[in-house]
1. Which ones in the stretch 30-47 are more than 7 Å from the ligand (Cβ to nearest atom) and hydrophobic (A, V, I, L, M, F, W, C)?
2. Cβ contacts < 9 Å: first residue on the phi > 0 side of the Ramachandran plot, restricted to the stretch 32-55; second residue part of a strand (DSSP E or B) and open to solvent by 70 Å² or more (accessible area, probe 1.4 Å), any location; separation 6+ or different chain. Result?
3. Could you list, in sequence order, the residues of the stretch 12-31 that are aliphatic (A, V, I, L, M) and either touching a residue at least 24 places away in the same chain (Cβ under 8 Å) or closer than 9 Å to Arg50 by Cβ (or both)?
4. For the stretch 24-40, enumerate the residues that are farther than 16 Å from Asp8 by Cα and not in a loop (DSSP other than H, G, I, E, B).
Amino acid sequence: MATTPEPDLNPGDEATPGTPGAGEDVCEACSGSGKLADGKQCPQCGGSGRVMRGIGGG
Ligand SMILES: [Zn+2]
């Protein structure tokens with residue numbers, strides 16, 4: 001088993017980038033702006049405004 005470093009996932013990510021069946025979606029916590037109402041970086045998407053979601057399946 002190869003040892004690969006864990007991707008830098010954000011709390012809002014449900015799947016790692018490149019995962020088959022997963023797709024990028026707008027972060028619901030910040031509506032895709034990457035920032036919260038108080039101007040702080042969104043913790044769910046890490047400020048990217050997008051999170052990875054698992055599509056189809058558990
Ligand atoms: Zn966000």
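1. Leu36, Ala37
2. Within 9 Å, the pairs are Gly32/Val26; Gly32/Arg50; Gly34/Gln41; Gly34/Arg50; Gly47/Lys35; Gly47/Gln41; Gly49/Val26; Gly49/Lys35.
3. First pass over the stretch 12-31, keeping only residues aliphatic (A, V, I, L, M): 15, 22, 26, 29.
Within the stretch 12-31, Ala15, Ala22, Val26 meet the criteria.
4. Initially, the stretch 24-40 is screened for residues farther than 16 Å from Asp8 by Cα, giving 25-40.
Residues satisfying the conditions are Asp25, Val26, Lys35.
The values are calculated or read from the model by the stated rules, or taken from the named source; none is laboratory data. Since the model is a prediction, treat every value here as computed from it, not as a measurement. Note: ideal-geometry Cβ built from the backbone for every residue, glycine included; neighbour counts use all protein chains shown. Please note that ligands, DNA and RNA were not included when accessible areas were found on the heavy atoms of the full protein model with its side chains. Shrake-Rupley method; radii C 1.70, N 1.55, O 1.52, S 1.80 Å.
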